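Nothing in this text is a laboratory measurement; each read-out follows from the coordinates by a stated rule. For clarity, every value in this text was computed on a predicted model and none was experimentally measured. Note that we place each Cβ from the backbone using ideal geometry, even for glycine, and neighbour counts take in every protein chain shown.
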Amino acid sequence: MQQLNNRTFRILLFFIIALSSSFIFRYDAFEIYKSWSLPPILNVFKSLLEGVGPFIGALLVTKMFNVNREITFKGILGLKSLLMLAIPILILSIIGISNNQFNSHIYGFLLGVWIVTYGILEETGWRGYLHDELKHVKPLIKYSIVGLFWYTWHLTFLGNTTILNEALILCVLIVSSWGIGYVADKSKSIFAASCFHIIGNIFGLSPLFTKLIDMNTKIIIMSICIAIWIYILRKNKI
């Protein structure tokens with residue numbers, strides 16, 4: 001019972017930290033974040049602050065309570081997990097992204113680094129901490145719980161929305177949590193989970209990618225990425 005209470009407290013503390021950060025940056029609670037003026041090359045990365053909460057929460061709770069984690073950044077894949085992260089950056093750099101500030105290939109590289117980093121920030125919390133904290137729970141229940149926390153953290157219900165829209169978002173995030181959670185369970189890698197996390201960002205959850213990349217290009221990018229990622233996982237018997 002004491003162990004259960006400790007785990008519940010850790011989870012609540014983690015989520016309070018993650019949700020507080022989301023409220024400050026994602027919802028722009030103090031109406032200052034989105035008005036920050038940064039140099040163009042840094043402005044691309046400003047929105048990383050929206051995903052920093054789960055990362056900080058995971059690191060602080062793990063450090064404070066000295067809890068051993070089965071899921072690590074590289075997991076059982078080792079350096080191959082870094083290769084998985086490099087694939088979308090390389091493809092976006094080669095394809096290039098048209099814009100009014102930088103060379104298209106440089107901008108493609110910057111967006112690749114941004115989206116991969118964002119995925120890592122979130123997945124350090126959702127799969128690296130929360131998913132791992134619930135390792136004694138049956139998989140489908142565990143995936144669903146993580147998906148519910150993940151949905152709540154996005155705070156979409158505070159905006160101009162409908163019950164139908166929120167139900168759809170919740171379903172998408174729970175189903176995504178099943179898929180990403182499976183990868184995390186098998187690879188024990190935050191980096192591998194982060195790769196599959198960015199699929200949703202590229203296909204519409206990221207306003208930046210919705211604005212700059214057409215659907216056909218997205219399909220090409222993600223088809224190549226997913227094929228290479230699955231090949232790497234299969235080569236490692238995952």
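For the pair residue 138 and residue 45, what calculated FRET efficiency results from E = 1/(1 + (r/R0)^6), where r is the Cβ-Cβ distance and R0 = 41 Å, to the nearest 0.05? My answer for the efficiency is 0.60. Among the listed pairs 74/186; 188/237; 135/186; 46/218; 74/138; 186/235, those whose Cα-Cα separation exceeds 18 Å are 46/218; 74/138. With the highest mean first, a sort of the peptides 110-121, 10-21, 166-177 on other beta-carbon atoms found within 10 angstrom per residue produces 110-121, 10-21, 166-177. The stretch between residue 172 and residue 29, if pulled fully straight at 0.36 nm per residue, gains 48.9 nm over its current Cα-Cα span. Taking packing as the residue-averaged number of other Cβ atoms within 10 angstrom, the listed peptides 211-224, 136-149 run from highest to lowest as 136-149, 211-224. Fully extending the segment from residue 235 to residue 182, taken as 0.36 nm per residue of separation minus the present Cα-Cα distance, adds 17.4 nm.
May I ask you to order 196-203, 77-84 by the average number of other C-beta atoms within 10 Å around their residues, highest value first?
Numbers: 196-203: 21.2, 77-84: 16.6.
Answer by packing, highest mean first, reads 196-203, 77-84.
Here, segment 70-235 yields an orientationally averaged convex hull projection of 10.1 nm² when only Cα atoms define the hull.
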